[in-house]
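One structure is given here, and the rest of the page talks about it.
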Amino acid sequence: MENKNTEQAQPEKSKIKALNPILLLVIIIVLCAIASYIVPAGEYTRYLDEATGREIVDPNSFTYVDRNPTTLFGLLMSLTLGLQNAAYIIFFLFIIGGMFAILNATGAINAGISNVVKKMQGRELMMIPVCMIIFGCGSAFCGNFEEFLAFVPLVLACCMSMGFDSLTAVGIVFCAAAAGYGGAITNAFTVGVAQGIAGLPMFSGIGLRIALFIVLESCSICYVLWYAKRVKANPRLSGAYEYDELYNRGLKLDHENVPVLTGRHKLVLLVLLAGMIFTVWGIIMRGYYIDELAAVFLAVGIIGGVIGGLKPGEICDAFVQGCHDMLLPGIMIGLANAVLVILQDANIMDTIIHALASGLNRLPSALLACGMFVIQDLFNVLVPSGSGQAAITMPLMAPLADMLGVTRQTAVLAFQLGDAFTNVMAPTGGEILAALAICRVPFSKWVKFLLPLFAIWWVVAFIFLILATVTGYGPF
């Protein structure tokens, strides 16, 4: 009987073999290094805008320059340079991992989730739209994205306990975030920067963006709900079924033996809730970003550990274990940034955007904005940073829109949509790779899950961009 079980387990084990995500990023880095020998080097002249303090590109200054192909030594150095460039996100992840590990060691997280899941029995699907609206609004109004990594472990535990899967957990957080970035109602990092460069009034044209956000968010919620309902009815329909059984089975809570929520547990959970509320207040009212949020989460972990009855040594041990759990996501974010290092050092980044922008001249007038969106979406694979992409592309797109008879506001709309979707699809998106690593889900499974929704997002984008073109979306 034992031999038979062993034989049956072998095919299951072989089925879960997939391309290592680090290897996938290494392949992309090597391909970029090879491209540095093929793609002509070129650059735009940049100057400092004293009014805003930002570096601006002169759209008429592109010239070809001498090649600077990536050497083997440069290829190897790109990893450490990428890690350094992304250090603020990586160490933020360490703090998040350490905090949750400390709170988890108190038993409060397990007890809290178990009791919530028990009370939500029969109404589990209600959690999805509520959480997605919160995450979507955070992105649309405040430009939150990296910060949502802090919630992935918690959402994963809830989803596994409620009969969903790890793909649902990532979808709840990052499909909502992508919809929020697409709407970008008052997102200072994308629309704010882009409108400033284009000379538009800050956050002008907000009415269309509100409608856009509502449509994108509704589509995302309906899609994740549909998928989660199917998985709950038949877990084997999950694209991550085997991975969840192997890695996330321990997160499923025993509904029959729910642990007692003690007074200490309640106090620890109150500390966590207070920390979350304080971060939202800080982001909206004080402009808090990574450093401030990391400090808040660190304080939550320490205070929660003390209240939860952990000894100082136990708090330290739990924190180190939490950092260890975030090591893989951190390395992947560093590798994603190494791609950008190679493209910039080889002087082929500007060549790529120049070639993409030049192709717009061949499009019909009604589709010019759609072409801008496609270019921005593709370029976002290379430069996942919203403000960084705005600084590179909007000085080119704004005057190009004038020449092609498209309003600058429409060009900004194309930019904000192009900056949104590939953030959660491209392998160079360090945050989505980190979320997948936390949930132990292969990138290929996520792409398969996301493709139908990605197509819906594109259709919505085309409709709104054509509408903006036809109506002369302005003020100019």
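Any read-out appearing in this document is the output of simple, stated calculations on the displayed coordinates, not a laboratory observation. Fair warning: this is a prediction, and the values are worked out from it, not measured in the lab. As a convention, Cβ positions derive from the backbone with ideal geometry for all residues, glycine included, and neighbour counts pool all protein chains shown.
Overview of results
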quantity: Between segment 297-350 and segment 129-179, the alpha-carbon center distance in angstrom; calculated: 19
quantity: Dipole of segment 30-185 [Lys/Arg +1, Asp/Glu -1 at C-beta], most positive-end residue of 68, 39, 82; calculated: 82
quantity: Mean ellipticity per residue at 222 nm, deg cm²/dmol - from DSSP H runs of n ≥ 4 across the chain, formula -39500 (n - 2.57); calculated: -22000 deg cm²/dmol
quantity: With Cα atoms, 0 to 90° folded angle of helix 127-142 axis to the chain main axis; calculated: 40
quantity: Equivalent ellipsoid semi-axes - Cα gyration tensor, segment 20-122, angstrom; calculated: 45, 22, 15
quantity: Spin-label proximity, residue 237 to segment 417-458 - amide N less than 19 Å from point 7 Å beyond Cα toward beta carbon; calculated: 445-454
quantity: Normalised alpha carbon radius of gyration of segment 214-333 [divisor 2.2 N^0.38 Å]; calculated: 1.38
quantity: Residue-by-residue Karplus 3J(HN,Hα) for segment 346-361, coefficients 6.51, -1.76, 1.60, Hz, glycine and proline x; calculated: 7, 6, 10, 4, 5, 4, 5, 5, 5, 5, 5, 5, 5, x, 5, 4
quantity: Lys, Arg +1 and Asp, Glu -1 on Cβ, resulting dipole of the chain about Cα centre, debye, nearest 20; calculated: 1260
quantity: Label-point separation in nm, residue 290 to residue 277, each point 7 Å along Cα→Cβ; calculated: 2.9
quantity: Nearest-20 debye value, segment 148-286 charge dipole, Cβ charges on Lys, Arg, Asp, Glu; calculated: 240
quantity: For segment 57-212, diffusion coefficient by Stokes-Einstein and Kirkwood Rh (Cα), 37 °C, 0.692 mPa s, µm²/s; calculated: 172
quantity: Length gained when the stretch residue 204-residue 264 is fully extended (0.36 nm per residue, less Cα-Cα span); calculated: 16.7 nm
quantity: For the chain, average projected area of the Cα convex hull in nm²; calculated: 25.0
quantity: Over 22 Å (Cα to Cα) - which of 232/266; 118/266; 119/311 fall in this group; calculated: 232/266; 119/311
quantity: Cα long-axis angle, helix 312-325 against the chain (0 to 90 degrees, to the nearest 10); calculated: 50
quantity: Within the chain, longest stretch clear of exposed trypsin sites (Lys or Arg not before Pro) (DSSP loop, no more than 16 other Cβ within 10 Å); calculated: 253-439
quantity: Cα-centre dipole for segment 286-387 with unit charges at Cβ (Lys and Arg positive, Asp and Glu negative), debye to 20; calculated: 260
quantity: Between 0 and 90°, nearest 10: helix 408-420 axis offset from the chain longest Cα axis; calculated: 30
quantity: Segment 375-475: projected area of the alpha-carbon convex hull, averaged over directions, in nm²; calculated: 6.7
quantity: Proportion of all alpha-carbon pairs of segment 420-476 beyond 17 Å (%); calculated: 50
quantity: Extension gain (nm, one decimal) between residue 76 and residue 130, 0.36 nm per residue minus Cα-Cα; calculated: 15.0 nm
quantity: Dimensionless Rg/Rh of segment 157-255 - Kirkwood Rh, Rg from C-alpha atoms; calculated: 1.18
